[in-house]
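Have a look at the structure below before the remarks.
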Amino acid sequence: MTDEHLLAVITGLLETPFPNSDVSQGDRDSAPAHHLQVLRRTDDFWEDRAEERYEAAEREIEAARQPLVAALTARWGTPMAVDLTPSWRDSRTLPEPLDRLSQVSGEVLVWWPAGTERWVGLAVGQADNEFPIELIAAVGIGQFPVTVPGSPQRGTNASTADAPRRPLDAP
């Protein structure tokens with residue numbers, strides 16, 4: 001997929017109504033308050049776990065992620081980087097879709113597009129060493145379950161209110 005196509009997929013997720021119940025269709029999982037879409041996936045590592053192959057796959061995903069982050073940032077401003085690892089360390093359950101993302105990724109970048117109640121997240125994750133590395137987009141509605149200073153949606157959730165977070169451009 002080209003950079004333009006990946007942007008079009010995210011724009012489509014923002015415009016797509018949420019279903020009344022959970023629906024999985026190809027690389028997309030949707031629920032009443034979110035969509036998750038795999039944007040890019042490497043080959044798996046079941047047969048060959050060579051370090052060179054893994055590093056090439058990481059570079060492939062990063063090459064897709066970087067221009068997408070730049071385009072989303074140009075469109076909606078600097079994202080907030082939200083650390084998802086405290087939920088694992090403390091055996092906490094996050095609300096969806098963050099719970100699913102926390103099972104494959106330690107961090108999600110989050111933007112709040114103007115003129116909508118939805119937020120957009122972007123994460124890179126891998127379920128386990130043998131599984132593919134994936135670039136995943138998430139779109140949710142309503143309050144984001146982590147307080148994010150300066151965001152239009154300052155919802156909190158006791159299970160994530162103390163989760164570390166920083167602006168992407170912070171040191």
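From the list Glu51, Glu55, Glu60, the lone residue that is within 17 Å of Gln126 (Cα to Cα) and in contact with a Ser or Thr (Cβ under 7 Å, 6 or more places away or on another chain) is Glu60.
Listed by position, the strands (runs of 3 or more DSSP E) contained in the range 1-45 that have at least 3 residues being touching a Leu at 6+ places or on another chain (Cβ under 8 Å) and crowded, with 17+ Cβ neighbours inside 10 Å are 34-41.
Could you go through the range 86-96 and let me know if any residue there is farther than 15 Å from Leu14 by Cβ, of a type in the set (D, E, K, R), at pLDDT 90 or above and touching a strand residue (DSSP E or B) at 6+ places or on another chain (Cβ under 7 Å). Can you show your working first?
At the first step, the residues of the range 86-96 found to be farther than 15 Å from Leu14 by Cβ are 86-96.
Applying the additional criterion that residues be of a type in the set (D, E, K, R) yields 89-90, 92, 96.
Keeping just the survivors that are at pLDDT 90 or above gives none.
No - not one qualifying residue is present in the range 86-96.
Considering only the range 97-104, I want to know if a residue exists there that is free of Cβ contacts under 8 Å to residues at least 60 places away in the same chain, acidic (Asp, Glu) and in contact with a helix residue (DSSP H, G or I) (Cβ under 8 Å, 6 or more places away or on another chain). Yes; the residues of the range 97-104 include at least one that is free of Cβ contacts under 8 Å to residues at least 60 places away in the same chain, acidic (Asp, Glu) and in contact with a helix residue (DSSP H, G or I) (Cβ under 8 Å, 6 or more places away or on another chain).
Of these, Ala127, Ala123, Ala74, which one is touching a helix residue (DSSP H, G or I) at 6+ places or on another chain (Cβ under 7 Å) and among the small types (Gly, Ala, Ser)? Outline the logic, then answer.
Values: Ala127 fails: touching a helix residue (DSSP H, G or I) at 6+ places or on another chain (Cβ under 7 Å); Ala74 fails: touching a helix residue (DSSP H, G or I) at 6+ places or on another chain (Cβ under 7 Å).
Matching residue, one of Ala127, Ala123, Ala74: Ala123.
Of all residues in the range 94-149, those being touching a Phe, Trp or Tyr at 6+ places or on another chain (Cβ under 9 Å), part of a strand (DSSP E or B) and not small (Gly, Ala, Ser) number 8. Among residues of the range 97-115 being under 13 Å from Phe144 (Cβ atoms) and not aromatic (Phe, Trp, Tyr), the one that is modelled with the lowest pLDDT is Leu98.
Tell me the residue from Arg59, Arg41, Arg28 that is of a type in the set (Lys, Arg) and either more than 14 Å from the chain's Cα centre (by Cα) or modelled with pLDDT under 95 (or both), please. Selected residue: Arg59, the only one of Arg59, Arg41, Arg28 that is of a type in the set (Lys, Arg) and either more than 14 Å from the chain's Cα centre (by Cα) or modelled with pLDDT under 95 (or both).
The values are calculated or read from the model by the stated rules, or taken from the named source; none is laboratory data. Note that this is a predicted model, so its numbers are computed, not measured. All Cβ positions, glycine included, derive from the backbone under ideal geometry; neighbour counts span all protein chains shown.
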